[in-house]
1. When Met1 is evaluated against the numbered criteria (1) under 26 Å from Val201 (Cβ atoms); (2) at pLDDT 95 or above, which criterion, by number, is the only one it fails?
2. Of the numbered conditions (1) hydroxyl-bearing (Ser, Thr, Tyr); (2) crowded, with 18+ Cβ neighbours inside 10 Å; (3) over 21 Å from His34 (Cα atoms), Ser271 fails exactly one; give the number of that condition.
3. Which is of a type outside the set (S, T, N, Q) and touching a Pro at 6+ places or on another chain (Cβ under 6 Å), of Gly126, Gly115, Gly154?
4. Which of the residues spanning region 26-85 are of a type in the set (Lys, Arg) and part of a strand (DSSP E or B)?
5. In region 28-45, what residues are over 20 Å from Asp83 (Cα atoms) and surrounded by fewer than 19 Cβ atoms within 10 Å (Cβ to Cβ)?
6. Can you name every residue in region 248-266 that is touching a Lys or Arg at 6+ places or on another chain (Cβ under 7 Å) and either among the polar types (S, T, N, Q) or over 16 Å from Lys294 (Cβ atoms) (or both)?
7. Checking Thr207 against (1) β-branched (Val, Ile, Thr); (2) surrounded by fewer than 22 Cβ atoms within 10 Å (Cβ to Cβ); (3) modelled with pLDDT of 95 or more, which single condition isn't satisfied?
8. Condition first: touching a Lys or Arg at 6+ places or on another chain (Cβ under 8 Å), surrounded by fewer than 24 Cβ atoms within 10 Å (Cβ to Cβ), among the aliphatic types (A, V, I, L, M) and not in a loop (DSSP other than H, G, I, E, B). Can you find one or more residues in region 155-166 that meet it?
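The values are calculated or read from the model by the stated rules, or taken from the named source; none is laboratory data. If you're wondering where the values come from, they're calculated on a predicted model, not measured in any experiment. Neighbour counts run over all protein chains shown; Cβ positions are idealised from the backbone, glycine included.
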Amino acid sequence: MKSLLTSCGLLLLVSAPGWAQGPRELKGHEAAVHGVAFSPDGKLLATAGFDKLVKLWSYPEGKELRTLTGHTEPVYSVAFSPDGQTLASSSQDKTIRLWKVADGSLIRELKGHAGTVDCVTFSPDGKLLATASADKTVKLWNPADGKEMKNLPGHTEAVYWVAFNADGKQLASASADKTIKVWDVTAGKESKTLKGHEEGVLAALFTPDGKRLVSISSDSTVRLWEIASGMEKKKLGPTPDWPFGLAFSRDGKQLATGGYGGNLFLWDLNSGKETMKKQITRVIYCLTFAPDGKALVTGHEKGMCTITPIP
């Protein structure tokens, strides 16, 4: 993922042939960028920093618009609400903060986790917020009033990631316990546990049709699962490093992964074949596709985001 203060952040724009629509690099944070997310209309980019800050940028201009302060520890993840009016951030300070995108003001702070909140995401209808934590739990919240709706225990180690399917009826969680769990959101119960990874699972996403899941792990593999049977259908890799970042293109045909060694990959989901490999030479902590699908935005150490065109 996953992953903005009043400081005057430096914005570094590096132009390149064929990339006249925007910057190649954004530099404003003073520590690692651990989360990136685009607004639904694609005009804003939010970044989560280990400098305890959340930043909002215009895209593709790359202008830093505002910095959101308040977290007291590194920020791990950011997510926009489906209507684009609210931004959620999660932190090592064990809290989730909801911000008004229009002016950067704090709407409310959510407390309840006993450990770092590694990931935050909105349901497709915006009525629920899901969080994953180092306290081994997944929680569901009502963003309208900040109340905890459900606590989903079951993982035996830290939970790194949560993601809804397209209709919001299922939730996937990825954990250091080497499993992916699929939850029935309405019932608040576990419906499936997917096992096969040999190390912790760092992220998992539903395919657009909702029938499959893709996961990445510190066992250096990317795996495709059939949800109904719980069976592993395809294994990609091994990659040359741990893949930290995971994202689907908007059409669902391509999968992007980025890793600890700075290796950025594109995969064709149907064939399972690698279609692009680039070396960025920086740790990739998070990534997302640009709104037009023509570039990948990745977060790195030293406060840097890189924008890599897709051939």
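1. For Met1, the failing item is (2).
2. (2)
3. Result: Gly126 is the single residue among Gly126, Gly115, Gly154 that is of a type outside the set (S, T, N, Q) and touching a Pro at 6+ places or on another chain (Cβ under 6 Å).
4. Scanning region 26-85 gives Lys27, Lys55, Arg66.
5. Glu30, Ala31
6. Residues satisfying the conditions are Gly262, Asn263, Phe265.
7. With (1) β-branched (Val, Ile, Thr); (2) surrounded by fewer than 22 Cβ atoms within 10 Å (Cβ to Cβ); (3) modelled with pLDDT of 95 or more applied to Thr207, the lone miss is (3).
8. No, that holds for no residue.
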